[in-house]
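Below you'll find the structure, written out as structure tokens, and then a few comments.
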Amino acid sequence: MTKFIGFGFSLLVFMVAAYAFSPRHAPAFPSNGVSVNSLLLLDAAKVGKRIVAVGERGHIVLSDDGGASWRQVTSPTQSTLTALYFLGEKTGWAVGHDSVILKSDDGGTSWRQVNFAPDEQKPLLDIWFADELNGYAMGAYGLFMETSNGGISWQQRKIFDGDTHINAFVSVGDKQFIAGEAGTLLRSDDAGKTWQPLCSPYKGSFFGILPLSDSSLLTFGLRGNVFRSDDAGATWNAVESGTQVALMGGLVSADGRVVLAGQGGVALVSQDQGRSFRLRNHASGKVLAAVLPADKGKDDLLLFGESGVSNFNPGTSAK
């Protein structure tokens with residue numbers, strides 16, 4: 001299989017995939033000022049009042065004023081970082097190309113590398129922790145890694161037949177779900193010990209999966225495909241998105257609003273738990289990879305992607 005078959009249709013992954021198989025050393029990036037709009041940012045997380053974002057060439061940037069200003073912190077890697085997960089306001093994890101895994105114990109201010117395997121040529125694409133000790137990291141070619149000692153050591157495990165890419169992981173109630181390439185949808189009912197394939201409504205790639213309630217979730221991916229389940233993934237219903245671009249990232253806000261973002265500056269907004277969407281467009285027309293709520297007001301969003309980060313009000317135009 002070629003690198004990122006499903007992602008091959010996506011401009012986002014075309015840009016970051018160039019880093020995946022090229023040999024690189026991993027010196028630290030210094031902490032300094034940064035023009036955040038010059039960076040390709042692939043994921044972001046709210047950590048208390050702080051925002052942490054990661055992206056190409058190991059860049060890690062922080063904002064402590066709701067995204068008004070940003071600073072770059074020292075990164076122990078030059079590998080492109082693809083995903084973030086924070087357990088509380090202190091302990092955070094970042095994963096990326098070269099199977100790199102970083103850990104922070106101070107809310108993203110400093111990071112250390114706890115895994116790095118460039119020779120395997122398997123990018124990690126998502127990470128999740130149940131508690132301080134037990135977590136999973138996953139990615140290309142079916143790569144699934146687990147730790148039971150807080151990331152001190154990691155073991156690989158095969159969780160399904162084949163080598164399709166695992167793109168996203170989410171915990172919904174007492175169940176965990178995986179979404180990936182070639183229509184891959186999996187569910188675990190025992191905290192990740194075993195996994196069962198779900199009947200997939202689509203044979204293309206899923207790039208994200210969002211929890212809506214203890215039994216409801218939304219998955220999305222190539223060609224604007226969006227599907228909603230209300231029975232823990234047993235059955236799925238197609239949701240009209242109004243677009244055929246790849247959808248890369250999403251958010252379920254505290255007030256229940258669902259936002260999806262993708263290629264061409266597309267942003268989809270739902271006020272009814274993902275049953276229908278309104279199509280909006282970011283003025284830049286750039287690839288969008290992640291969404292967070294902004295501090296300015298309940299209608300404001302922060303969009304992360306090809307042109308760094310920007311504020312966006314889905315009822316008006318981008319700023």
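The values are calculated or read from the model by the stated rules, or taken from the named source; none is laboratory data. Everything quoted here is computed from the prediction, not taken from an experiment. When we count neighbours, we look across all protein chains shown, and the Cβ atoms used for this are built from the backbone with ideal geometry, even at glycine. Ligands, DNA and RNA are excluded from the accessible area calculation, which covers all protein heavy atoms including side chains. Shrake-Rupley method; radii C 1.70, N 1.55, O 1.52, S 1.80 Å.
Seen from every direction in turn and averaged, the convex hull around the alpha carbons of the chain projects onto 14.0 nm².
Note on Asn37 and Asp214: their simple-model spin labels are 4.6 nm apart, each label 7 Å out from Cα toward Cβ.
Tell me what the chain gives for mean residue ellipticity at 222 nm when only DSSP H runs of n ≥ 4 count, each as -39,500 (n - 2.57), the sum divided by the residue total, rounded to 500 deg cm²/dmol. That comes out to -500 deg cm²/dmol. The heavy atoms of Leu133 offer some 90 square angstrom of accessible surface to a 1.4 angstrom probe. Bin all alpha-carbon pair distances of the range 31-79 at 10 Å intervals from 0 and give each bin's fraction as a whole percent. Each 10 Å bin holds this share of Cα pairs: 28, 61, 11. Heavy-atom accessible surface of Lys158, to the nearest 10 Å², is about 130 Å², with a 1.4 Å probe and all protein chains retained. Using heavy atoms of the protein chains and a probe of 1.4 Å, the accessible area assigned to Glu120 is about 90 Å². Checked against a 24 Å cut-off, the cross-linked pairs Lys122/Lys193; Lys90/Lys158; Lys49/Lys286 give Cα-Cα distances beyond that limit for Lys90/Lys158; Lys49/Lys286. If you sort Asp106, Asp189 by accessible surface, 1.4 Å probe, largest first, the order is Asp189, Asp106. Net charge of the neighbourhood of Ala130, taken over other residues with C-beta under 13 Å away and scored Lys/Arg +1, Asp/Glu -1, is -3.
The ellipsoid equivalent to the alpha-carbon distribution of the range 41-150 has semi-axes of 22, 16, 11 angstrom, derived from the gyration tensor eigenvalues as √(5λ) and listed largest first. In a fully extended conformation the segment linking Gln273 and Lys158 would gain 38.0 nm over its present Cα-Cα distance, using 0.36 nm per residue.
For the range 129-179, rounded, prolate or oblate, judged on the Cα gyration tensor with a ≥ b ≥ c (square roots of eigenvalues), a/c < 1.5 rounded, else prolate if a/b > b/c? Note, shape of the range 129-179 comes out oblate.
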